[in-house]
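Below you'll find the structure, written out as structure tokens, and then a few comments.
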Amino acid sequence: MSEERLRRLRDRVRPFPDFPVPGVLFRDISPLLKDPAAFRTLIDLLEDHLRASFPQIDFIAGLDSRGFLIGPPLAQRLGVGFVLIRKKGKLPGPTESVSYALEYGKAELEIQSDAVEPGQKVVIVDDLLATGGTMCAACELMKRLKAEVLECLVIIELKLLKGSEKLKSIPFYSLLQYD
């Protein structure tokens, strides 16, 4: 992976101090999404990583909502399907759901019960890993459906929050890391 391409991405991530609450430095990917060359570079890097790491992937699963931005183009490049992992109450039909703790309360994620079949190989994608709660909940949903999570994949990892440690034995990959 070229440092030049990673620098192009890093240059398109905009910091916002004290958002959404005082003391938080928010990493905004909007400029990266707005720049077609940078976005293409992002998808190229993710595709290269997955092709080199996994001979077979059945689905990319995207987390609500920014995982929906990178998941479909990545799935299309790989020639695989894309499945949604949504906030509770947003999916029709039978669903599996899981509750998880947030810094300020609880939340729930869900997936359609027939989204994946037992044994299918899935990569879960999102824009950012912070404390790891949402990603762990997504992994739990895949476990309930008896899918195999090959990897959790994000654009940005906030290292100080140690979210990847919560994933335990599930492989994890991030393109950009910040302290």
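The values are calculated or read from the model by the stated rules, or taken from the named source; none is laboratory data. Note that the structure is predicted; figures quoted are calculated from it, not measured. All Cβ positions, even for glycine, are placed from backbone atoms using ideal geometry, and neighbour counts span all protein chains on display. Remember, those area values only see protein heavy atoms, side chains included, never the ligands or the DNA or RNA. Shrake-Rupley method; radii C 1.70, N 1.55, O 1.52, S 1.80 Å.
Would it be correct to say that ARG77 is under 21 Å from ALA130 (Cα atoms), out of contact with any Gly (no Cβ under 7 Å at 6 or more places or on another chain) and charged (D, E, K, R)?
no
For the condition at pLDDT below 95 and farther than 24 Å from ASP48 by Cβ, what is the one hit in ASP179, ASP114?
After ruling out the rest, the residue left standing is ASP179.
If I go through the range 110-129 residue by residue, how many of them are closer than 21 Å to LEU45 by Cβ and among the aliphatic types (A, V, I, L, M)?
Residues flagged as closer than 21 Å to LEU45 by Cβ and among the aliphatic types (A, V, I, L, M) within the range 110-129 amount to 6.
Find the helices (runs of 4 or more DSSP H) located wholly in the range 1-110 whose residues include 1 or more that are surrounded by 14 or more Cβ atoms within 10 Å (Cβ to Cβ) and in contact with a Lys or Arg (Cβ under 7 Å, 6 or more places away or on another chain), and list them.
Where helices (runs of 4 or more DSSP H) fall fully within the range 1-110 and carry at least 1 residues being surrounded by 14 or more Cβ atoms within 10 Å (Cβ to Cβ) and in contact with a Lys or Arg (Cβ under 7 Å, 6 or more places away or on another chain), they are 30-34, 36-53.
Please name all residue pairs, on different chains or six or more residues apart, with Cβ atoms under 6 Å, provided the first residue is in the range 137-158 and is farther than 18 Å from PHE54 by Cβ and the second residue is polar (S, T, N, Q).
From residues that are farther than 18 Å from PHE54 by Cβ, the pairs are GLU157/SER174; GLU157/GLN177.
Only residues that are of a type in the set (A, V, I, L, M), within 20 Å of LEU69 (Cα to Cα) and touching a Lys or Arg at 6+ places or on another chain (Cβ under 8 Å): list them for the range 130-148, please.
Within the range 130-148, just MET135 meets the criteria.
Kindly indicate the residue of the range 128-160 that is open to solvent by 20 Å² or more (accessible area, probe 1.4 Å) and not hydrophobic (A, V, I, L, M, F, W, C) and also farthest from THR95 (Cα to Cα) among those meeting that condition.
The residue in question is LYS159.
Results for (1) of a type in the set (A, V, I, L, M); (2) at pLDDT below 95; (3) over 16 Å from the mean Cα position of the chain (by Cα), shown as yes or no for each residue.
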| site | (1), (2), (3) |
| --- | --- |
| HIS49 | no, no, no |
| ALA52 | yes, no, yes |
| PRO55 | no, no, yes |
| ILE70 | yes, no, no |
| LEU84 | yes, no, no |
| LYS87 | no, no, no |
| GLY105 | no, yes, yes |
| ALA147 | yes, no, yes |
| LEU150 | yes, no, no |
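Output yes when any residue across the range 113-127 is touching a helix residue (DSSP H, G or I) at 6+ places or on another chain (Cβ under 7 Å), assigned to a strand (DSSP E or B) and open to solvent by 30 Å² or more (accessible area, probe 1.4 Å), and no when none is.
Scanning the range 113-127 turns up no residue that is touching a helix residue (DSSP H, G or I) at 6+ places or on another chain (Cβ under 7 Å), assigned to a strand (DSSP E or B) and open to solvent by 30 Å² or more (accessible area, probe 1.4 Å).
All but one of (1) out of contact with any Ser or Thr (no Cβ under 7 Å at 6 or more places or on another chain); (2) more than 29 Å from ARG8 (Cβ to Cβ) hold for THR131, so report the exception by its number.
All conditions pass for THR131, except number (2).
Taking the range 1-33 on its own, how many of its residues are polar (S, T, N, Q) and either modelled with pLDDT under 95 or touching a helix residue (DSSP H, G or I) at 6+ places or on another chain (Cβ under 9 Å) (or both)?
Result for the range 1-33: 1.
Could you list, in sequence order, the residues of the range 146-176 that are part of a helix (DSSP H, G or I), under 25 Å from THR41 (Cα atoms) and not charged (D, E, K, R)?
The answer is SER164, and nothing else.
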